[in-house]
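Input: a single structure, listed below in structure tokens.
The values are calculated or read from the model by the stated rules, or taken from the named source; none is laboratory data. These numbers were taken from a predicted model, which means no experiment stands behind them. When we count neighbours, we look across all protein chains shown, and the Cβ atoms used for this are built from the backbone with ideal geometry, even at glycine.
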């Protein structure tokens, strides 16, 4: 009787997790940054993304550190504080992000020329844009 009671209790505790998983499977994990670009600086920011970020992301993808990346340009503006550009990077799963910062140092040095140059690029970008939101999202695929 005691074993039966423990089994039922275990099922009750695990039921919400088991039921949630029956509706979907987990897809990639997305890091999404929503960016507001200062007026008259959109071309400058897009050029910076093309010249610096794209080669960096392409190298991360080539080395298998990221699954893919996307850049979205928002065509509507709901208020003056709204974002303009969405930068989205997909990782195969949460485990793919373990130790990521140490793995990208060599890529940073190759693409930007070193930590100092990467920092300077970041400072220049801070003058022309603001990060509105930075999110980590789990993609799900409905069954």
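Among the residues of region 95-113, which ones are within 15 Å of the chain's Cα centre (by Cα) and surrounded by 12 or more Cβ atoms within 10 Å (Cβ to Cβ)? Within region 95-113, 96, 97, 100, 104 meet the criteria.
For region 54-85, a tally of residues being out of contact with any strand residue (DSSP E or B) (no Cβ under 8 Å at 6 or more places or on another chain), free of Cβ contacts under 8 Å to residues at least 12 places away in the same chain and either surrounded by 12 or more Cβ atoms within 10 Å (Cβ to Cβ) or farther than 21 Å from residue 132 by Cβ (or both) returns 4.
When residue 61 is tested against (1) out of contact with any helix residue (DSSP H, G or I) (no Cβ under 6 Å at 6 or more places or on another chain); (2) in a strand (DSSP E or B); (3) closer than 30 Å to residue 21 by Cβ, just one condition goes unmet, and that condition is (2).
Looking only at residues that are touching a helix residue (DSSP H, G or I) at 6+ places or on another chain (Cβ under 6 Å) and within 15 Å of residue 55 (Cα to Cα) in region 71-111, which one is modelled with the lowest pLDDT? Working first, answer last.
Within region 71-111, the subset touching a helix residue (DSSP H, G or I) at 6+ places or on another chain (Cβ under 6 Å) is 91, 107-108, 111.
Filter once more, so that each one left must be within 15 Å of residue 55 (Cα to Cα): 107-108, 111.
Numbers: 107: 93, 108: 92, 111: 89.
So, considering only residues that are touching a helix residue (DSSP H, G or I) at 6+ places or on another chain (Cβ under 6 Å) and within 15 Å of residue 55 (Cα to Cα), the one modelled with the lowest pLDDT is 111.
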